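**Student:** Encoded as structure tokens, here's the structure I'll be asking about.
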Amino acid sequence: MTSDLGYDYRFEWNDIEITPGAGFMWNSKKQNDYYYGISSQESSRSGLKAYDPNDSFSPYLQLALDYPFAKSWKASVTARYTVLSSEVKNSPMVDKSGIASLGVDILYTF
């Protein structure tokens, strides 16, 4: 199970809607074990050290920009940086301390 709790504040600048935000994601122990855990059987096959993570909290910052370019149409860009919790970044499969993501959307409203 995962959960995301955040706060966004939208304001306008000319025709662009700007929405900065901050929050955190919670991952359950089962979620972290599935993606980042290494069982003893997997360890013996892969050569990686066995790893059994607990649940985790990972904070993030994000920024979204929305621009209406025609009637009922809007372009949207969202950038997010998430700081990985120690439960995730201590996994032998992870070699980073954070994740940057970028999303681009075209929206139609009817």
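Bear in mind these aren't lab numbers, they're just calculated from the coordinates by the rules spelled out. On a predicted model such as this, the values are computed, not experimentally measured, just so you know. FYI the Cβ positions are ideal-geometry reconstructions off the backbone, even for glycines, and counts take in every protein chain you see.
**Student:** So which residues in region 90-110 are hydroxyl-bearing (Ser, Thr, Tyr), loosely packed, with under 10 Cβ neighbours inside 10 Å and either part of a strand (DSSP E or B) or under 11 Å from the mean Cα position of the chain (by Cα) (or both)?
**Tutor:** TYR108 - this is the single residue of region 90-110 that is hydroxyl-bearing (Ser, Thr, Tyr), loosely packed, with under 10 Cβ neighbours inside 10 Å and either part of a strand (DSSP E or B) or under 11 Å from the mean Cα position of the chain (by Cα) (or both).
Let's see how each residue does on (1) without any contact (Cβ under 8 Å) to a residue 60 or more places away in the chain; (2) farther than 20 Å from GLY103 by Cα; (3) out of contact with any Pro (no Cβ under 8 Å at 6 or more places or on another chain); (4) hydroxyl-bearing (Ser, Thr, Tyr):
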site: SER3; (1), (2), (3), (4): yes, no, yes, yes
site: ILE16; (1), (2), (3), (4): yes, no, yes, no
site: GLY21; (1), (2), (3), (4): yes, no, yes, no
site: SER28; (1), (2), (3), (4): yes, yes, yes, yes
site: GLN31; (1), (2), (3), (4): yes, yes, yes, no
site: SER43; (1), (2), (3), (4): yes, yes, yes, yes
site: SER58; (1), (2), (3), (4): yes, no, yes, yes
site: LEU65; (1), (2), (3), (4): yes, no, yes, no
site: THR78; (1), (2), (3), (4): yes, no, yes, yes
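**Student:** Say whether the condition of being farther than 28 Å from TRP73 by Cα, surrounded by 15 or more Cβ atoms within 10 Å (Cβ to Cβ) and either touching a Ser or Thr at 6+ places or on another chain (Cβ under 7 Å) or among the β-branched types (Val, Ile, Thr) (or both) is met by at least one residue in region 3-24.
**Tutor:** yes
**Student:** Here is a further query. List pairs: first in region 80-105 and within 15 Å of LYS29 (Cα to Cα), second surrounded by 13 or more Cβ atoms within 10 Å (Cβ to Cβ) and among the acidic types (Asp, Glu), Cβ under 8 Å, 6+ apart or cross-chain?
**Tutor:** Sorted first by the residue in region 80-105, then by its partner, the pairs are GLU87/ASP55.
**Student:** Looking only at residues in region 52-85 that are among the basic types (Lys, Arg) and surrounded by 14 or more Cβ atoms within 10 Å (Cβ to Cβ), which one is nearest to the chain's Cα centre (by Cα)?
**Tutor:** Looking at the filtered set, the residue picked out is ARG80.
**Student:** Here is a follow-up. Looking only at region 32-51, which residues are under 19 Å from the mean Cα position of the chain (by Cα) and surrounded by 18 or more Cβ atoms within 10 Å (Cβ to Cβ)?
**Tutor:** Those that are under 19 Å from the mean Cα position of the chain (by Cα) and surrounded by 18 or more Cβ atoms within 10 Å (Cβ to Cβ): ASN32, ASP33, TYR36, GLY37.
**Student:** Moving on to the next point. Among the residues of region 70-87, count how many are of a type outside the set (Gly, Ala, Ser), in a strand (DSSP E or B) and over 18 Å from THR109 (Cα atoms).
**Tutor:** So the count comes out to 5.
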